[in-house]
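Have a look at the structure below before the remarks.
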Amino acid sequence: AQTVTQSQPEMSVQEAETVTLSCTYDTSESNYYLFWYKQPPSRQMILVIRQEAYKQQNATENRFSVNFQKAAKSFSLKISDSQLGDTAMYFCAFMIRNNNAGNMLTFGGGTRLMVKP
Amino acid sequence: KAGVTQTPRYLIKTRGQQVTLSCSPISGHRSVSWYQQTPGQGLQFLFEYFSETQRNKGNFPGRFSGRQFSNSRSEMNVSTLELGDSALYLCASSLTLLAGGGNEQFFGPGTRLTVL
């Protein structure tokens with residue numbers, strides 16, 4: 001079984017600054033995907049960024065980037081130039097890469113990020 | 001293209017009753033997954049349906065069941081409700097599984113179930 005741990009229940013950052021959210025995971029699988037999902041207050045959860053474990057290059061999406069350390073089983077999210085709209089719960093999630101594994105996500109407990117003006 | 005829709009958005013039931021929640025995926029998406037979100041347990045996977053077949057099931061009691069119709073719409077049912085079933089139930093759809101998976105999940109707004 002896989003487990004995902006987010007050790008920071010809450011964080012805050014000043015607008016325009018940079019913040020890093022931590023995530024560690026445990027798995028015996030060698031091929032998998034990692035995701036960061038964002039759940040704004042009272043709004044739908046959306047995908048922020050995706051990392052394929054077999055790719056060494058860290059994924060980036062505009063102001064969002066990850067630091068993927070496969071050996072350490074660490075997957076942190078860096079948000080640059082934080083904006084008020086980044087205020088949300090952020091969930092780290094894991095999915096096995098396997099034709100038969102389907103689309104089951106294992107989530108961490110979440111980090112509540114508050115961006116302050 | 002319309003997003004994932006869930007009905008009803010809010011529901012209040014009493015212990016012992018049963019409830020059915022509905023999810024309409026994004027057009028063309030054949031995979032539908034259900035998740036339970038609570039403050040104490042976080043987000044937990046319930047089950048996934050693909051082409052009307054349950055492909056994965058989480059660690060939930062048999063009171064939780066689901067099905068998928070030929071148009072990919074999905075329902076989940078909870079029988080003999082307990083207080084602990086109060087939660088936000090999220091539905092997510094994704095495109096047909098490609099080789100290796102990793103498909104993005106598109107989430108609906110959820111159904112907030114309160115059990116009294």
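Checking B:THR5, B:THR14 one by one, the residue that is of a type in the set (Val, Ile, Thr), within 13 Å of the chain's Cα centre (by Cα) and modelled with pLDDT of 95 or more is B:THR5 and no other.
Regarding B:PHE60, is this residue part of a strand (DSSP E or B) and either surrounded by 15 or more Cβ atoms within 10 Å (Cβ to Cβ) or touching a Phe, Trp or Tyr at 6+ places or on another chain (Cβ under 8 Å) (or both)? Here the answer is no, as B:PHE60 does not meet what is asked. For the stretch A:69-83, a tally of residues being assigned to a strand (DSSP E or B) and either closer than 12 Å to A:LEU21 by Cα or hydroxyl-bearing (Ser, Thr, Tyr) (or both) returns 6. Flag: A:GLU29 does not match the condition of being over 30 Å from B:THR111 (Cβ atoms), within 12 Å of another protein chain (Cβ to nearest Cβ), open to solvent by 20 Å² or more (accessible area, probe 1.4 Å) and under 16 Å from the mean Cα position of the chain (by Cα).
So which residues in the stretch B:84-108 are closer than 18 Å to B:GLY42 by Cβ, open to solvent by 20 Å² or more (accessible area, probe 1.4 Å) and either away from chain A (no Cβ under 14 Å) or at pLDDT below 95 (or both), if there are any at all? Of everything in the stretch B:84-108, those that are closer than 18 Å to B:GLY42 by Cβ, open to solvent by 20 Å² or more (accessible area, probe 1.4 Å) and either away from chain A (no Cβ under 14 Å) or at pLDDT below 95 (or both) turn out to be B:GLY84, B:SER86. Beta carbons closer than 8 Å, at least 6 apart along the sequence or on distinct chains, pair a first residue in the stretch A:59-86 that is in contact (Cβ under 8 Å) with a residue 12 or more places away in the chain with a second that is in a helix (DSSP H, G or I) for A:ILE79/A:ASP86.
Here is the figure for the stretch A:32-68: residues that are in a loop (DSSP other than H, G, I, E, B), open to solvent by 30 Å² or more (accessible area, probe 1.4 Å) and closer than 17 Å to B:GLY108 by Cβ total 4.
Yes or no, residue by residue, for (1) acidic (Asp, Glu); (2) free of Cβ contacts under 8 Å to residues at least 24 places away in the same chain; (3) surrounded by 13 or more Cβ atoms within 10 Å (Cβ to Cβ):
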position	(1), (2), (3)
B:LEU21	no, no, yes
B:GLY40	no, yes, no
B:GLU48	yes, yes, yes
B:GLN54	no, yes, yes
B:MET76	no, no, yes
B:LEU116	no, no, no
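Among the conditions (1) in a strand (DSSP E or B); (2) small (Gly, Ala, Ser); (3) crowded, with 19+ Cβ neighbours inside 10 Å, B:SER65 misses just one, which is (3).
The values are calculated or read from the model by the stated rules, or taken from the named source; none is laboratory data. What you are looking at is a predicted structure, and each value in this text was computed from that prediction instead of being measured. Don't worry about glycine lacking a Cβ; one is built from the backbone with ideal geometry, like all the others, and counts go over all protein chains shown. Keep in mind that these areas ignore ligands, DNA and RNA; they rest on the heavy atoms of the full protein, side chains included. Shrake-Rupley method; radii C 1.70, N 1.55, O 1.52, S 1.80 Å.
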